[in-house]
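The block underneath contains the structure these notes are about, expressed in C-alpha coordinates.
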Amino acid sequence: MVKSNLQSIRNLDGISKIQYEGKQSTNPLAFKHYDPNEVIGDKTMKEHLRFSIAYWHTLTADGTDMFGTGTMQRSWDSYSGMDLAKARLDAAFQLFDRLDVPYFSFHDRDIAPEGDSLQETNQQLDLIVGRMKDYMKDSQVKLLWNTANMFKHPRFVHGAATSCHADVFAYAAAQVKKGIETAKELDAENYVFWGGREGYDTLLNTDMKRELDHLATFLHMAVDYAKEIGYTGQMLIEPKPKEPTTHQYDTDAATTIAFLKQYGLDQHFKLNIEANHATLAGHTFEHELRVASIHGLLGSVDANQGHPLLGWDTDEFPTDLYATTLAMYEILKNGGLGTGGLNFDAKVRRASFDLEDLLYAHIAGMDAFAKGLRVAHRLIENRVFEDVIKHRYRSFSEGIGRDISEGKANFHTLEEYALKHSVMRNESGREEQLKARLNQYLLED
Ligand SMILES: [Mn+2]
(Lines give C-alpha, C1' and ligand atoms only; values in the text may rest on other atoms or scores of the structure.)
Protein backbone atom coordinates (compact mmCIF):
# COMPACT_ATOMS: atom_id res chain seq x y z
CA MET A 1 0.00 0.00 0.00
CA VAL A 2 1.49 3.35 -1.04
CA LYS A 3 0.49 6.32 1.06
CA SER A 4 0.99 9.89 -0.03
CA ASN A 5 3.02 12.12 2.26
CA LEU A 6 -0.10 14.14 3.02
CA GLN A 7 -1.94 11.15 4.37
CA SER A 8 0.08 9.96 7.33
CA ILE A 9 -0.30 6.49 8.75
CA ARG A 10 -1.86 6.62 12.20
CA ASN A 11 -1.31 2.96 13.03
CA LEU A 12 0.11 -0.17 11.43
CA ASP A 13 -3.21 -1.99 11.00
CA GLY A 14 -3.67 -0.97 7.38
CA ILE A 15 -0.10 -1.73 6.37
CA SER A 16 0.65 -5.15 4.94
CA LYS A 17 3.98 -7.00 5.13
CA ILE A 18 6.71 -5.13 3.25
CA GLN A 19 7.60 -7.05 0.09
CA TYR A 20 10.70 -7.22 -2.07
CA GLU A 21 9.91 -5.54 -5.39
CA GLY A 22 13.40 -5.17 -6.86
CA LYS A 23 15.61 -2.20 -7.60
CA GLN A 24 13.29 -0.68 -10.21
CA SER A 25 10.46 -0.31 -7.69
CA THR A 26 9.32 3.20 -6.78
CA ASN A 27 7.09 2.01 -3.94
CA PRO A 28 8.48 3.58 -0.74
CA LEU A 29 6.95 0.70 1.25
CA ALA A 30 8.87 -2.03 -0.60
CA PHE A 31 12.36 -3.50 -0.42
CA LYS A 32 14.53 -2.67 -3.45
CA HIS A 33 17.52 -4.89 -2.52
CA TYR A 34 16.52 -6.98 0.50
CA ASP A 35 15.02 -10.20 -0.75
CA PRO A 36 14.91 -12.35 2.40
CA ASN A 37 14.79 -15.62 0.43
CA GLU A 38 17.55 -14.85 -2.07
CA VAL A 39 20.47 -17.22 -1.58
CA ILE A 40 23.87 -15.52 -1.40
CA GLY A 41 26.64 -18.11 -1.16
CA ASP A 42 25.49 -20.75 1.30
CA LYS A 43 22.70 -18.85 3.09
CA THR A 44 19.63 -16.74 2.42
CA MET A 45 19.82 -13.00 2.87
CA LYS A 46 17.63 -13.31 5.93
CA GLU A 47 20.06 -15.82 7.48
CA HIS A 48 23.11 -13.71 6.65
CA LEU A 49 21.77 -10.39 7.87
CA ARG A 50 19.81 -11.42 10.98
CA PHE A 51 18.15 -8.00 11.29
CA SER A 52 16.99 -6.78 14.66
CA ILE A 53 14.85 -3.81 15.69
CA ALA A 54 15.96 -1.78 18.72
CA TYR A 55 13.11 -1.09 21.12
CA TRP A 56 14.60 2.08 22.63
CA HIS A 57 14.91 4.15 19.47
CA THR A 58 11.91 2.79 17.61
CA LEU A 59 9.27 2.14 20.26
CA THR A 60 10.32 4.12 23.33
CA ALA A 61 12.07 7.32 22.18
CA ASP A 62 9.84 10.32 21.53
CA GLY A 63 12.25 12.62 19.72
CA THR A 64 13.41 14.54 22.80
CA ASP A 65 16.81 16.13 22.28
CA MET A 66 19.08 18.55 24.18
CA PHE A 67 17.02 21.52 22.99
CA GLY A 68 13.45 20.36 22.72
CA THR A 69 10.72 17.99 23.80
CA GLY A 70 9.29 15.03 21.93
CA THR A 71 8.00 15.29 18.38
CA MET A 72 7.14 11.70 17.47
CA GLN A 73 3.53 10.97 16.54
CA ARG A 74 2.77 7.44 17.61
CA SER A 75 -0.40 5.38 17.78
CA TRP A 76 0.43 4.53 21.41
CA ASP A 77 0.78 8.20 22.49
CA SER A 78 -2.54 8.33 24.34
CA TYR A 79 -1.46 5.77 26.97
CA SER A 80 0.75 6.14 30.03
CA GLY A 81 2.45 3.94 32.63
CA MET A 82 1.92 0.21 32.23
CA ASP A 83 -0.84 0.75 29.65
CA LEU A 84 1.73 2.53 27.50
CA ALA A 85 4.16 -0.38 27.96
CA LYS A 86 1.45 -2.81 26.81
CA ALA A 87 0.44 -0.64 23.84
CA ARG A 88 4.09 -0.34 22.78
CA LEU A 89 4.53 -4.09 23.01
CA ASP A 90 1.57 -4.62 20.71
CA ALA A 91 2.87 -2.03 18.24
CA ALA A 92 6.36 -3.54 18.42
CA PHE A 93 5.22 -6.95 17.24
CA GLN A 94 3.09 -5.36 14.52
CA LEU A 95 6.18 -3.54 13.30
CA PHE A 96 8.36 -6.70 13.46
CA ASP A 97 5.72 -8.45 11.36
CA ARG A 98 5.41 -5.68 8.75
CA LEU A 99 9.17 -5.51 8.29
CA ASP A 100 9.59 -9.30 8.55
CA VAL A 101 12.48 -8.80 10.96
CA PRO A 102 13.51 -11.96 12.82
CA TYR A 103 14.96 -10.32 15.96
CA PHE A 104 14.60 -7.44 18.38
CA SER A 105 16.54 -6.02 21.31
CA PHE A 106 15.76 -3.95 24.41
CA HIS A 107 16.98 -2.39 27.64
CA ASP A 108 14.95 -3.44 30.69
CA ARG A 109 13.57 0.08 31.14
CA ASP A 110 12.47 0.36 27.49
CA ILE A 111 9.83 -2.30 27.85
CA ALA A 112 8.47 -1.46 31.32
CA PRO A 113 8.68 1.70 33.44
CA GLU A 114 10.67 1.97 36.65
CA GLY A 115 8.50 1.63 39.78
CA ASP A 116 8.87 3.23 43.21
CA SER A 117 11.08 0.36 44.43
CA LEU A 118 13.29 -2.28 42.82
CA GLN A 119 10.65 -4.83 43.78
CA GLU A 120 7.89 -2.92 41.98
CA THR A 121 10.16 -2.29 38.99
CA ASN A 122 10.84 -6.03 38.72
CA GLN A 123 7.13 -6.86 39.02
CA GLN A 124 6.32 -4.46 36.18
CA LEU A 125 9.11 -5.95 34.11
CA ASP A 126 7.85 -9.49 34.79
CA LEU A 127 4.36 -8.58 33.63
CA ILE A 128 5.60 -7.27 30.27
CA VAL A 129 8.12 -10.12 29.86
CA GLY A 130 5.27 -12.61 30.36
CA ARG A 131 3.21 -10.95 27.64
CA MET A 132 6.27 -10.58 25.42
CA LYS A 133 6.88 -14.32 25.65
CA ASP A 134 3.39 -14.94 24.23
CA TYR A 135 3.92 -12.47 21.40
CA MET A 136 7.26 -14.14 20.60
CA LYS A 137 5.67 -17.57 20.53
CA ASP A 138 2.90 -16.43 18.18
CA SER A 139 5.16 -14.46 15.85
CA GLN A 140 8.37 -16.57 15.86
CA VAL A 141 10.30 -13.31 16.37
CA LYS A 142 13.28 -13.90 18.66
CA LEU A 143 15.20 -11.80 21.13
CA LEU A 144 18.68 -11.01 19.78
CA TRP A 145 19.72 -9.52 23.09
CA ASN A 146 18.61 -7.59 26.10
CA THR A 147 20.59 -5.29 28.35
CA ALA A 148 20.25 -3.16 31.46
CA ASN A 149 19.65 0.58 31.38
CA MET A 150 22.08 1.74 34.06
CA PHE A 151 22.54 5.29 32.87
CA LYS A 152 19.19 7.09 32.95
CA HIS A 153 18.28 7.14 36.65
CA PRO A 154 20.13 9.72 38.81
CA ARG A 155 21.53 6.92 41.03
CA PHE A 156 23.93 6.14 38.16
CA VAL A 157 25.39 9.65 38.06
CA HIS A 158 28.89 8.25 38.81
CA GLY A 159 28.42 5.05 36.82
CA ALA A 160 27.06 1.61 37.71
CA ALA A 161 29.72 -1.10 38.12
CA THR A 162 32.35 1.68 38.16
CA SER A 163 30.49 3.97 40.56
CA CYS A 164 32.42 5.21 43.60
CA HIS A 165 29.39 4.20 45.72
CA ALA A 166 29.14 0.52 46.72
CA ASP A 167 25.33 0.73 47.09
CA VAL A 168 25.07 1.69 43.43
CA PHE A 169 27.31 -1.26 42.49
CA ALA A 170 24.97 -3.56 44.45
CA TYR A 171 21.87 -2.08 42.80
CA ALA A 172 23.44 -2.52 39.37
CA ALA A 173 24.24 -6.15 40.23
CA ALA A 174 20.61 -6.75 41.19
CA GLN A 175 19.49 -5.19 37.94
CA VAL A 176 21.82 -7.31 35.78
CA LYS A 177 20.88 -10.43 37.77
CA LYS A 178 17.28 -9.76 36.75
CA GLY A 179 18.45 -9.03 33.20
CA ILE A 180 20.15 -12.42 32.86
CA GLU A 181 17.04 -14.11 34.27
CA THR A 182 15.00 -12.22 31.64
CA ALA A 183 17.44 -13.34 28.92
CA LYS A 184 16.96 -16.94 30.01
CA GLU A 185 13.19 -16.59 30.22
CA LEU A 186 12.98 -15.17 26.68
CA ASP A 187 15.76 -17.35 25.16
CA ALA A 188 17.83 -14.29 24.26
CA GLU A 189 20.64 -15.38 21.96
CA ASN A 190 22.96 -12.85 23.61
CA TYR A 191 23.14 -10.62 26.66
CA VAL A 192 24.78 -7.21 26.17
CA PHE A 193 26.81 -5.03 28.50
CA TRP A 194 27.09 -1.51 27.20
CA GLY A 195 28.67 0.61 29.83
CA GLY A 196 26.31 3.57 29.73
CA ARG A 197 28.18 5.65 32.29
CA GLU A 198 31.12 3.31 32.88
CA GLY A 199 33.92 5.83 32.50
CA TYR A 200 35.15 9.03 34.10
CA ASP A 201 35.20 12.77 33.55
CA THR A 202 38.38 13.74 35.43
CA LEU A 203 41.27 11.81 36.99
CA LEU A 204 41.30 14.42 39.80
CA ASN A 205 38.49 12.48 41.54
CA THR A 206 38.91 9.05 39.99
CA ASP A 207 40.75 5.87 41.01
CA MET A 208 40.85 4.43 37.50
CA LYS A 209 42.53 1.13 38.45
CA ARG A 210 39.98 0.53 41.17
CA GLU A 211 37.06 1.26 38.85
CA LEU A 212 38.41 -1.14 36.21
CA ASP A 213 38.92 -3.81 38.89
CA HIS A 214 35.31 -3.30 40.01
CA LEU A 215 34.03 -3.54 36.44
CA ALA A 216 35.89 -6.84 35.95
CA THR A 217 34.56 -8.17 39.27
CA PHE A 218 31.05 -7.24 38.15
CA LEU A 219 31.41 -9.01 34.80
CA HIS A 220 32.83 -12.14 36.46
CA MET A 221 29.82 -12.19 38.78
CA ALA A 222 27.52 -11.92 35.75
CA VAL A 223 29.29 -14.86 34.07
CA ASP A 224 29.05 -16.89 37.29
CA TYR A 225 25.34 -16.14 37.68
CA ALA A 226 24.55 -17.03 34.05
CA LYS A 227 26.31 -20.36 34.61
CA GLU A 228 24.47 -20.90 37.89
CA ILE A 229 21.03 -20.53 36.31
CA GLY A 230 21.97 -22.24 33.05
CA TYR A 231 21.75 -19.24 30.73
CA THR A 232 23.94 -20.17 27.77
CA GLY A 233 23.55 -17.12 25.49
CA GLN A 234 26.65 -15.25 24.35
CA MET A 235 27.77 -12.39 26.61
CA LEU A 236 28.64 -9.26 24.63
CA ILE A 237 30.37 -6.03 25.56
CA GLU A 238 29.94 -2.89 23.48
CA PRO A 239 32.79 -0.42 22.96
CA LYS A 240 32.21 3.36 22.92
CA PRO A 241 34.89 6.02 23.39
CA LYS A 242 33.07 8.96 24.96
CA GLU A 243 29.63 10.40 25.72
CA PRO A 244 28.20 10.65 28.25
CA THR A 245 31.51 10.49 30.14
CA THR A 246 34.66 12.13 28.78
CA HIS A 247 36.47 8.77 28.78
CA GLN A 248 34.37 5.64 28.51
CA TYR A 249 36.34 2.61 29.70
CA ASP A 250 35.32 0.43 26.73
CA THR A 251 36.83 3.02 24.37
CA ASP A 252 37.21 0.86 21.27
CA ALA A 253 37.61 -2.78 20.27
CA ALA A 254 41.34 -2.92 21.02
CA THR A 255 40.95 -1.31 24.47
CA THR A 256 38.03 -3.59 25.32
CA ILE A 257 39.91 -6.70 24.21
CA ALA A 258 42.92 -5.69 26.33
CA PHE A 259 40.58 -5.25 29.32
CA LEU A 260 38.91 -8.63 28.74
CA LYS A 261 42.29 -10.38 28.45
CA GLN A 262 43.78 -8.55 31.45
CA TYR A 263 40.95 -9.76 33.66
CA GLY A 264 40.53 -13.27 32.22
CA LEU A 265 37.15 -12.46 30.66
CA ASP A 266 37.96 -13.04 26.97
CA GLN A 267 36.69 -16.63 27.09
CA HIS A 268 33.27 -15.41 28.19
CA PHE A 269 32.68 -12.25 26.16
CA LYS A 270 32.59 -11.16 22.55
CA LEU A 271 32.16 -7.65 21.20
CA ASN A 272 29.06 -5.87 19.95
CA ILE A 273 30.49 -3.39 17.45
CA GLU A 274 28.53 -0.21 16.73
CA ALA A 275 29.29 1.80 13.59
CA ASN A 276 28.75 5.22 15.20
CA HIS A 277 30.85 4.27 18.23
CA ALA A 278 33.64 3.23 15.87
CA THR A 279 33.66 6.60 14.14
CA LEU A 280 33.42 8.46 17.47
CA ALA A 281 36.58 6.57 18.46
CA GLY A 282 38.31 7.88 15.33
CA HIS A 283 38.11 4.54 13.53
CA THR A 284 36.16 3.30 10.58
CA PHE A 285 33.36 0.79 11.17
CA GLU A 286 35.30 -1.83 9.20
CA HIS A 287 38.42 -1.25 11.33
CA GLU A 288 36.54 -2.08 14.52
CA LEU A 289 34.97 -5.14 12.91
CA ARG A 290 38.42 -6.30 11.73
CA VAL A 291 40.02 -5.83 15.16
CA ALA A 292 37.27 -7.86 16.83
CA SER A 293 37.39 -10.48 14.10
CA ILE A 294 41.14 -11.11 14.15
CA HIS A 295 40.88 -11.79 17.88
CA GLY A 296 37.98 -14.19 17.32
CA LEU A 297 35.74 -11.85 19.31
CA LEU A 298 33.29 -10.42 16.77
CA GLY A 299 29.92 -11.15 18.33
CA SER A 300 27.26 -8.80 16.97
CA VAL A 301 26.74 -5.44 15.31
CA ASP A 302 24.80 -2.30 16.14
CA ALA A 303 23.94 -1.16 12.64
CA ASN A 304 23.76 2.61 12.34
CA GLN A 305 25.93 5.50 11.18
CA GLY A 306 27.17 8.80 12.54
CA HIS A 307 26.97 12.12 10.75
CA PRO A 308 30.41 13.14 9.47
CA LEU A 309 29.83 16.77 10.48
CA LEU A 310 28.49 16.15 13.98
CA GLY A 311 30.77 15.09 16.80
CA TRP A 312 28.31 13.07 18.82
CA ASP A 313 26.45 9.78 18.68
CA THR A 314 23.73 10.61 16.15
CA ASP A 315 22.68 6.95 15.65
CA GLU A 316 21.36 7.50 12.13
CA PHE A 317 19.91 4.71 10.06
CA PRO A 318 22.67 3.14 7.94
CA THR A 319 22.38 4.30 4.33
CA ASP A 320 26.06 4.69 3.39
CA LEU A 321 26.67 1.90 0.86
CA TYR A 322 30.46 2.05 1.25
CA ALA A 323 30.12 1.47 4.98
CA THR A 324 27.56 -1.32 4.65
CA THR A 325 29.59 -3.02 1.90
CA LEU A 326 32.86 -2.90 3.82
CA ALA A 327 31.07 -4.01 7.00
CA MET A 328 29.49 -6.98 5.23
CA TYR A 329 32.92 -7.77 3.75
CA GLU A 330 34.33 -8.08 7.29
CA ILE A 331 31.30 -10.05 8.50
CA LEU A 332 31.51 -12.54 5.60
CA LYS A 333 35.26 -12.93 6.12
CA ASN A 334 34.48 -13.61 9.79
CA GLY A 335 32.22 -16.47 8.73
CA GLY A 336 29.11 -14.55 9.79
CA LEU A 337 28.02 -13.27 13.18
CA GLY A 338 27.18 -16.56 14.92
CA THR A 339 24.46 -15.78 17.46
CA GLY A 340 24.79 -12.06 16.72
CA GLY A 341 22.90 -9.97 14.19
CA LEU A 342 22.54 -6.55 12.60
CA ASN A 343 20.68 -4.61 15.24
CA PHE A 344 19.30 -1.24 14.12
CA ASP A 345 20.53 0.85 17.02
CA ALA A 346 19.29 3.74 14.93
CA LYS A 347 16.72 6.45 15.31
CA VAL A 348 14.69 8.41 12.83
CA ARG A 349 15.58 12.10 12.85
CA ARG A 350 13.54 14.30 15.18
CA ALA A 351 11.86 15.89 12.17
CA SER A 352 10.89 12.46 10.76
CA PHE A 353 8.06 12.17 13.24
CA ASP A 354 5.41 10.23 11.31
CA LEU A 355 4.81 6.57 12.05
CA GLU A 356 5.62 5.61 8.46
CA ASP A 357 9.07 7.14 8.84
CA LEU A 358 9.88 4.12 11.03
CA LEU A 359 9.07 1.88 8.09
CA TYR A 360 10.99 3.99 5.56
CA ALA A 361 13.99 4.12 7.86
CA HIS A 362 14.17 0.37 8.44
CA ILE A 363 13.57 -0.34 4.75
CA ALA A 364 16.45 2.03 3.89
CA GLY A 365 18.76 0.33 6.40
CA MET A 366 17.80 -3.20 5.36
CA ASP A 367 18.26 -2.36 1.68
CA ALA A 368 21.64 -0.74 2.35
CA PHE A 369 22.92 -3.86 4.13
CA ALA A 370 21.38 -6.19 1.53
CA LYS A 371 23.19 -4.28 -1.21
CA GLY A 372 26.36 -4.36 0.89
CA LEU A 373 26.01 -8.13 1.33
CA ARG A 374 25.60 -8.71 -2.40
CA VAL A 375 28.58 -6.56 -3.34
CA ALA A 376 30.81 -7.91 -0.57
CA HIS A 377 29.98 -11.49 -1.54
CA ARG A 378 30.97 -10.81 -5.16
CA LEU A 379 34.17 -9.06 -4.12
CA ILE A 380 35.16 -12.09 -2.06
CA GLU A 381 34.00 -14.60 -4.67
CA ASN A 382 36.14 -12.89 -7.30
CA ARG A 383 39.05 -12.47 -4.87
CA VAL A 384 39.26 -8.79 -5.88
CA PHE A 385 41.21 -7.67 -2.82
CA GLU A 386 42.42 -11.07 -1.60
CA ASP A 387 44.65 -11.60 -4.61
CA VAL A 388 46.02 -8.05 -4.40
CA ILE A 389 46.82 -8.54 -0.72
CA LYS A 390 48.35 -11.98 -1.27
CA HIS A 391 50.57 -10.57 -4.01
CA ARG A 392 51.51 -7.59 -1.85
CA TYR A 393 52.97 -9.79 0.89
CA ARG A 394 54.53 -12.38 -1.43
CA SER A 395 58.08 -11.60 -0.23
CA PHE A 396 57.14 -13.33 3.06
CA SER A 397 56.41 -16.60 1.21
CA GLU A 398 59.99 -17.28 0.17
CA GLY A 399 63.61 -16.75 1.19
CA ILE A 400 64.29 -14.41 4.08
CA GLY A 401 60.59 -13.46 4.30
CA ARG A 402 59.61 -17.07 4.89
CA ASP A 403 62.30 -17.38 7.56
CA ILE A 404 60.75 -14.34 9.33
CA SER A 405 57.22 -15.74 9.01
CA GLU A 406 58.26 -19.15 10.31
CA GLY A 407 60.20 -17.72 13.25
CA LYS A 408 63.53 -18.95 11.90
CA ALA A 409 65.14 -15.51 11.59
CA ASN A 410 66.82 -13.39 14.26
CA PHE A 411 68.58 -10.03 14.37
CA HIS A 412 71.93 -11.67 13.43
CA THR A 413 70.61 -13.39 10.29
CA LEU A 414 68.60 -10.32 9.33
CA GLU A 415 71.59 -8.01 9.70
CA GLU A 416 73.64 -10.38 7.59
CA TYR A 417 70.91 -10.33 4.93
CA ALA A 418 70.42 -6.52 5.09
CA LEU A 419 74.13 -5.90 4.62
CA LYS A 420 73.94 -7.78 1.31
CA HIS A 421 70.55 -6.35 0.21
CA SER A 422 70.56 -2.69 1.18
CA VAL A 423 69.03 -1.59 -2.13
CA MET A 424 65.38 -2.55 -2.34
CA ARG A 425 62.41 -1.62 -4.48
CA ASN A 426 58.97 -0.90 -2.99
CA GLU A 427 55.79 -1.14 -5.06
CA SER A 428 52.79 1.16 -5.17
CA GLY A 429 49.91 0.41 -2.80
CA ARG A 430 47.43 1.28 -5.59
CA GLU A 431 44.83 2.68 -3.17
CA GLU A 432 42.99 4.79 -5.75
CA GLN A 433 42.81 1.95 -8.26
CA LEU A 434 41.37 -0.34 -5.60
CA LYS A 435 38.75 2.23 -4.63
CA ALA A 436 37.78 2.53 -8.28
CA ARG A 437 37.32 -1.24 -8.42
CA LEU A 438 35.13 -1.09 -5.35
CA ASN A 439 33.05 1.61 -7.07
CA GLN A 440 32.78 -0.57 -10.14
CA TYR A 441 31.37 -3.44 -8.06
CA LEU A 442 28.96 -1.12 -6.24
CA LEU A 443 27.66 0.33 -9.49
CA GLU A 444 27.51 -2.92 -11.47
CA ASP A 445 25.53 -4.94 -8.96
MN1 LIG B 1 25.27 5.07 19.24
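Looking at the stretch 234-244, can you tell me whether even one residue there is within 16 Å of the ligand (Cβ to nearest atom), basic (Lys, Arg) and touching a residue at least 12 places away in the same chain (Cβ under 8 Å)?
yes
Collect the residues in the stretch 278-307 that are out of contact with any Pro (no Cβ under 6 Å at 6 or more places or on another chain) and closer than 24 Å to Thr58 by Cβ, keeping them in residue-number order.
Within the stretch 278-307, Ala278, Thr279, Phe285, Glu288, Leu289, Gly299, Ser300, Val301, Asp302, Gly306, His307 meet the criteria.
Which condition from (1) surrounded by fewer than 20 Cβ atoms within 10 Å (Cβ to Cβ); (2) touching a Ser or Thr at 6+ places or on another chain (Cβ under 7 Å); (3) among the polar types (S, T, N, Q) is the one that Asn190 breaks?
(1)
Name the single residue, out of those in the stretch 348-370 being away from the ligand (no atom under 16 Å from the Cβ) and farther than 15 Å from Asn304 by Cα, that is surrounded by the fewest Cβ atoms within 10 Å (Cβ to Cβ).
Ala351
Would you be able to tell me the number of residues in the stretch 313-326 that are within 14 Å of the ligand (Cβ to nearest atom) and either closer than 14 Å to His362 by Cα or without any contact (Cβ under 8 Å) to a residue 24 or more places away in the chain (or both)?
Within the stretch 313-326, residues that are within 14 Å of the ligand (Cβ to nearest atom) and either closer than 14 Å to His362 by Cα or without any contact (Cβ under 8 Å) to a residue 24 or more places away in the chain (or both) number 4.
In the stretch 327-347, how many residues are surrounded by 22 or more Cβ atoms within 10 Å (Cβ to Cβ) and within 16 Å of the ligand (Cβ to nearest atom)?
Count: 6.
For the condition farther than 19 Å from Ala161 by Cα, more than 16 Å from the ligand (Cβ to nearest atom) and not basic (Lys, Arg), what is the one hit in Leu280, Leu260, Leu297? Spell out the reasoning first.
Working: Leu280 fails: more than 16 Å from the ligand (Cβ to nearest atom); Leu260 fails: farther than 19 Å from Ala161 by Cα.
Step by step, each of Leu280, Leu260, Leu297 is checked, and only Leu297 is farther than 19 Å from Ala161 by Cα, more than 16 Å from the ligand (Cβ to nearest atom) and not basic (Lys, Arg).
Check the stretch 304-312 and report whether any residue there is part of a strand (DSSP E or B), at pLDDT 95 or above and within 12 Å of the ligand (Cβ to nearest atom). Explain how you work it out, then say what you get.
In the first step, residues of the stretch 304-312 are kept if they are part of a strand (DSSP E or B); the result is 305.
Still in the running and at pLDDT 95 or above: 305.
The next check asks that each one be within 12 Å of the ligand (Cβ to nearest atom); those that pass are 305.
Yes: the stretch 304-312 contains one or more residues that are part of a strand (DSSP E or B), at pLDDT 95 or above and within 12 Å of the ligand (Cβ to nearest atom).
Of the numbered conditions (1) outside any helix (DSSP H, G or I); (2) modelled with pLDDT of 95 or more; (3) more than 19 Å from Tyr191 (Cβ to Cβ), Trp76 fails exactly one; give the number of that condition.
That leaves (2) as the condition not met.
Please count how many residues of the stretch 1-60 are at pLDDT 95 or above, surrounded by 12 or more Cβ atoms within 10 Å (Cβ to Cβ) and of a type in the set (Lys, Arg).
So the answer is 4.
The values are calculated or read from the model by the stated rules, or taken from the named source; none is laboratory data. All values reported here derive from a predicted model rather than from experimental measurement. Here Cβ is always computed from backbone atoms with ideal geometry, including for glycine, and neighbour counts include all displayed protein chains.
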